[in-house]
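Here's the structure we're looking at; comments come further down.
The values are calculated or read from the model by the stated rules, or taken from the named source; none is laboratory data. What you are looking at is a predicted structure, and each value in this text was computed from that prediction instead of being measured. A quick note on method: Cβ atoms are made from the backbone with ideal geometry, for glycine too, and the neighbour counts reach across all protein chains shown. Note: accessible area is taken over every heavy atom of the protein model, side chains too, but ligands, DNA and RNA are not part of it. Shrake-Rupley method; radii C 1.70, N 1.55, O 1.52, S 1.80 Å.
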Amino acid sequence: MRVAIFYDRKGWAWWNKSHEIKKHLSPDIQMDIISVDEKFDPYVYDLFLLFDGYLIEQLPYLPRNRVIVGCSNARLIADAIRITDQYNCLALYANNAPVLDAHRYRENLYCCQNGVDSALFHVPKDRTDAFIACWVGNTKNIANKGLDLIQESCRSTANPLIALDVYACEHDSSVLWTHEQIRDHIYYNSAFYVCA
């Protein structure tokens, strides 16, 4: 089986997820990691994995009956379902069990939760005692990552916040942090991660 999986920006979440998936695939599955801007032959693939439904309009030449659409945000599941149905896509996956439970009536909806590389991301030996929050994300993401809410909450409770907005990487790839840098400078210097 040959699968094409798409990412939007090198070094960002979908690029990283693609490479992690590829590392753990069965040997009988060949997976190509393709930029949404890259030219390729769609007829050599058995399946296409899109991490978000809006990509389907950027890739209009994909055979829809071989497309699996992803949804990483519970607020956007209705749009993902609409896209999956409108384009007659093969399947839809969500990354959380409550979404799956709420839509059990759908035969082609699956749960595929995000994983964590526990060899890379783990509790440090010397943890900070300070009650410092952290956040890492892309403020321009379609799902609205909520940094403004997090900043306001931290300000109103006088909690320090360490934040890394990877949106800056879109125009300046020299500021793209490695996973090790994010772990060492953000996660290890905070007590907890905030997700809005």
Next on the checklist: Cross-link candidates for K10: which lysines have Cα within less than 26 Å, leaving aside residues fewer than 8 places away along the same chain?
Outcome noted: K22, K23, K39, K140, K145
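Quick one: length gained pulling D129 to N16 fully straight, 0.36 nm per residue minus the C-alpha distance? Spell out each step's value before the answer.
Details: separation 113, 0.36 × 113 = 40.68 nm, distance 3.06 nm.
Between D129 and N16, full extension yields 37.6 nm more.
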Checklist entry - What are the ³J(HN,Hα) values, in whole Hz, obtained from phi via the Karplus relation 6.51 cos²θ - 1.76 cosθ + 1.60 with θ = phi - 60°, for each residue of the stretch 104-117 in sequence order, with x given for Gly and Pro? => result 4, 5, 7, 6, 10, 10, 10, 9, 9, 6, 5, x, 10, 6
Checklist entry - Taking Cα atoms, how many degrees apart are the long axis of helix 147-156 and the longest axis of the chain, rounded to 10 and kept between 0 and 90? => result 20 degrees
Checklist outcome for this item: For the chain, the longest principal axis of the Cα atoms and the Cα long axis of helix 13-23 enclose an angle in degrees, to the nearest 10, of 70 degrees
Checklist entry - In terms of modelled amide H atoms, which long-range or inter-chain residues lie less than 5 Å from the amide H of W12? => result none
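What relative contact order, as a whole-number percentage, does the chain give when Cα pairs under 8 Å and 6 or more residues apart are counted?
Computed value for the chain: 15 percent relative contact order.
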Checklist entry - Can you give the accessible area of V99 in Å² (nearest 10), computed on protein heavy atoms with a 1.4 Å probe? => result 10 Å²
Next on the checklist: Going by Cα centres, the stretch 94-120 and the stretch 24-85 are how many Å apart?
Outcome noted: 16 Å
Checklist outcome for this item: Counting sequence-distant residues (5 or more places) and residues on other chains, those with an amide H built under 5 Å from that of S35 are Y7
Checklist outcome for this item: Scoring the stretch 65-170 by relative contact order with C-alpha pairs under 8 Å, at least six apart, yields a percentage of 20 percent
Checklist outcome for this item: For Kirkwood radius over Cα pairs in Å the list reads (1) 17.2; (2) 18.6; (3) 16.2; the calculated value is entry (2)
Checklist outcome for this item: Amide H contacts under 5 Å for L164, restricted to residues at least 5 apart in sequence or on another chain and with H modeled in the peptide plane, are W135, V136, G137
Item to check | chymotrypsin sites (Phe, Trp or Tyr not before Pro) lying in DSSP loop within the stretch 77-136, provided at most 10 other Cβ fall within 10 Å | outcome: Y105
Item to check | Exposed GluC sites (Glu not before Pro) absent - longest run of the chain, DSSP non-H/G/I/E/B, at most 13 other C-beta within 10 Å | outcome: 108-196
